[in-house]
1. Where residues in the stretch 82-111 are without any contact (Cβ under 8 Å) to a residue 40 or more places away in the chain and touching an Asp or Glu at 6+ places or on another chain (Cβ under 8 Å), which of them is surrounded by the fewest Cβ atoms within 10 Å (Cβ to Cβ)?
2. Which of the residues spanning the stretch 132-160 are in contact with a strand residue (DSSP E or B) (Cβ under 7 Å, 6 or more places away or on another chain) and surrounded by fewer than 17 Cβ atoms within 10 Å (Cβ to Cβ)?
3. From the list Ala92, Ala88, which one is out of contact with any Phe, Trp or Tyr (no Cβ under 9 Å at 6 or more places or on another chain), modelled with pLDDT of 90 or more, within 27 Å of Gln277 (Cα to Cα) and not hydroxyl-bearing (Ser, Thr, Tyr)?
4. Looking at Phe131, is it in a helix (DSSP H, G or I), under 28 Å from Val250 (Cβ atoms) and at pLDDT 90 or above?
5. Identify all residues within the stretch 189-224 that are closer than 29 Å to Arg254 by Cα, small (Gly, Ala, Ser) and more than 18 Å from the chain's Cα centre (by Cα); write none if there are none.
6. Specify the residue that is nearest to Val153 (Cα to Cα); the eligible residues are those in the stretch 106-123 that are at pLDDT 95 or above and among the aliphatic types (A, V, I, L, M).
7. Please tell me if Val125 is in contact with a strand residue (DSSP E or B) (Cβ under 7 Å, 6 or more places away or on another chain) and assigned to a helix (DSSP H, G or I).
8. Where in the stretch 187-264 are the strands (runs of 3 or more DSSP E), entirely inside, with at least 2 residues that are within 20 Å of Leu87 (Cβ to Cβ) and of a type in the set (Ser, Thr, Tyr)?
Amino acid sequence: MRRCIAIIGAFLFLLAASSAPAQDRVPFENRVIGAASIHAALGDTLPGDSGSPVRLHEFNLAAPVPSARMSPDLALATYLNGAQRQLAELGAYSDATVVEADLPATAQHGKYELRRMYQAPRSLVFAAIHFAGDGFVKTNIITKLLQSEVEHVQKGEGAQTAITSDNYKFSWKGVDTLDDRTFYRYQAKPRQKRPGLFKGFILVDAASGRLRRAEGAMVKSPSLFVKKIEFVQDYAEYGPFSLPVHTHSVAKTRLVGQAVVEIYHSGYQAKTVAETQSGAGSSASASGGGTN
C-alpha cells in the first residue's frame, strides 16, 4: 500500500510542475538547499538571512482588461504564443505553497505549508514552514509530491508537459462564464500518450487570451494500482506570466480508494530571464493575489 500511495503522489504533481521550465537537481529536504542563488535572482531574503530585502516592483494587477472579445482562433493563438514565451522568459519565482492531502477511506489528512523557489533553467527548492496532520500522509504523499516536482523540472521535462501546440491539438467547443468573465473552452487532446499529459479542456480569456483553467484526466496511469487521475487547475496572471494558483486532484486506486490532493500557491514574485541575469529590474508580484 505504501508503494501504491507513493506512486500516486509522485504523479499528481507533474501537472503543476508543467507550467515552469526545467531546473537543476536539488534534493528536497525540510530545510532550504541551494537557496542563495535563487534569492539573489529574486532579490529577496529568507528569514535570518543577512542584509535587507530588496524592494520589489509590483505590477498593477488590477489594471482594466479590454472588454472587446477576440475571435476564438485569435484567442487561442494569443494563448499559445504566450505559453511559448513563458517557457523561454520565466527566469525565477518564489511563492507560498500549501499542500493538503486526504485519504478519505482511512480518514487520514495532512497539511504542509512551504516556501517554493525556482530559478531557470533547472533549480527548485522548498523551505518547510509548518506541517500538521498524519505522519504517514506527510511521508508517503506530500513529501513524494515535492520530490516529484523537483525531479520533474531537474530532468528538463517542462516543455514536454507544457500546454502548447507541440503537445496538444486544440478545438474550440464554446463559451463559458466564470467570475463574471467570458472564456473560450477548447478541447485539448494530447499528441502522445505519455506521463504528464492529459485529455480534457482549457479555458482561455476571450479578451486577453490568457489561460484561466485546465481540467481533465491524465492519459497514462503511473501504475496498475491507479485506475484514474482527474484534476482541475486554476491560473492567475502575474505580470506577463500565467501561473497556477490552485490544483485539485483525485486519484482513484485499486487498493486504498481515493487520494485527494489540494495545492495552493500565493504571493508570487517572478522575474524574467533578462531580469535575473542583470540582477535588477522589476518583478511580477502579487499584493493580495493575481488577477483572474
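1. His109
2. Residues satisfying the conditions are Ala132, Gly133, Phe136.
3. After applying the criteria, what remains is Ala88.
4. no
5. Those that are closer than 29 Å to Arg254 by Cα, small (Gly, Ala, Ser) and more than 18 Å from the chain's Cα centre (by Cα): Ser221, Ser223.
6. This residue is Met117.
7. no
8. Filter on the stretch 187-264 gives 226-238, 241-253.
The values are calculated or read from the model by the stated rules, or taken from the named source; none is laboratory data. Everything numeric here is computed off the predicted structure, so don't read it as measured data. A quick note on method: Cβ atoms are made from the backbone with ideal geometry, for glycine too, and the neighbour counts reach across all protein chains shown.
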